[in-house]
Amino acid sequence: MKIKNDELARIVDKKKIYYVDVELDQIMTCFKISMANICCYLLDSCFDGQKMTLHRLFEEIFNLRAEVKIENDCRNITIKKNLKQPEIMKKLESALTIINDMRIKDLNGYQYKFTLL
């Protein structure tokens, strides 16, 4: 009887872990799809439909260094240019103008303003 109880406990524990893993997988899948959709939207709306892989987008744009300052209900994000990629930086500057025109706000009501220096 003890062996059956131990086996049952082992199976029950695995079921709990399995459900957590499935839930986490669903959350991560939803995040990945949402992130891909946001990136596609940015490329389509802000980069004139330019084709770029997510890897390249992350490598060349999302990994740029930035400084954030909050002033007068505005979150000012100053992004530092990568001088080795002037063509991409020119496109990014144009894209940031479009993004700034969207007047994006966070949950606290701070408006985001991006600048490329």
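The values are calculated or read from the model by the stated rules, or taken from the named source; none is laboratory data. Nothing here was measured: the structure is a model prediction, and the numbers come from that model. When we count neighbours, we look across all protein chains shown, and the Cβ atoms used for this are built from the backbone with ideal geometry, even at glycine.
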ask   = Quick one: how many residues across the stretch 83-105 are of a type in the set (S, T, N, Q) and closer than 20 Å to LYS51 by Cβ?
value = 2
note = Apart from one, (1) modelled with pLDDT under 80; (2) exposed (fewer than 11 other Cβ atoms within 10 Å of the Cβ) all hold for THR29; the odd one out is (1)
task = Within the stretch 52-65, track down each residue that is surrounded by fewer than 13 Cβ atoms within 10 Å (Cβ to Cβ) and modelled with pLDDT of 90 or more.
result = ARG65
key: Residue check, GLU71 surrounded by fewer than 12 Cβ atoms within 10 Å (Cβ to Cβ) and at pLDDT 90 or above   = yes
